[in-house]
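What follows is calculated from the coordinates using simple rules that are stated; it is not laboratory data. Only a predicted model underlies this, so the values are computations on that prediction, with no experimental measurement involved. Here the Cβ positions follow ideal geometry from the backbone for every residue, glycine too, while neighbour counts run over all protein chains shown.
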Amino acid sequence: MTGDRVVRACCAASAAFVAAGLVVGALNALSLFERGWWLASYLLLVGGASQVLLGGGQFLVAAERRAVWPSRSLSWTQLALWNIGTAAVAVAERPRVLPGVAAGAAILIVALVLFLEGLRQIGRTARRRTAALERGYLALLAGLAGCVVLGTFLTGDAPGQ
């Protein structure tokens, strides 16, 4: 089943970002480097936690609605774009390459739009409705989109600079 593979890949990518975040956090604790706290937090939250919530949440919505998982191409594209966008922001933010941060953020927004499309595909094949779960997933998408936009604007003017 494509959904199972995508969720496993999502969890593996999430684990890699969490590991990277922990390494950055440990290095920052040993020898503070500029914005190390930000990078560690970003990797843990955006690469790790958010990714599990996006992929796992979509899988949960499909299962609860007794629906067909979104198309294979959409599912893998969502995963790829979320990881590419996350990595692009992390890499571009350190040397303060603001156009790179903006490009990574744009990729994250596109990924979120594709997660919304996945929810729509689930809705087309659903055999039952789970309003609270759907609203929760929509709130996750909206919240993450807001964080991406706000974070992009704050990159050039972050506190403690």
With the charge dipole of segment 2-155 built from beta-carbon charges (+1 for Lys and Arg, -1 for Asp and Glu) about the Cα centre, the Cα from PRO95, GLY48, THR77 projecting farthest to the positive end belongs to THR77
Which residue, VAL23, VAL52, VAL89, has the most motion in a Gaussian network model of the chain that connects Cα atoms within less than 10 Å?
-> VAL23
Which loop-located GluC sites (Glu not before Pro) does segment 71-161 contain, where loop means any DSSP state but H, G, I, E or B and the Cβ has at most 14 other Cβ atoms within 10 Å?
-> none
Using 1/(1 + (r/R0)^6) with R0 = 30 angstrom and r between the beta carbons of LEU27 and LEU150, what's the FRET efficiency to the nearest 0.05?
-> 0.65
Say we join alpha carbon atoms closer than 10 Å with springs in a Gaussian network model of the chain; which of GLY118, GLY57, GLY143 then has the biggest fluctuation?
-> GLY143
Segment 2-155: D in µm²/s via Stokes-Einstein (Kirkwood Rh, Cα pairs, 20 °C, 1.002 mPa s)?
-> 135
Segment ARG135-GLU64, length gained on full extension (0.36 nm per residue, minus Cα span) | 24.2 nm
Mean Kyte-Doolittle of at least -0.5 and a Cα length of 20 Å or more along the axis: which whole DSSP H helices of the chain meet both?
-> 2-30, 72-93, 98-125, 131-155
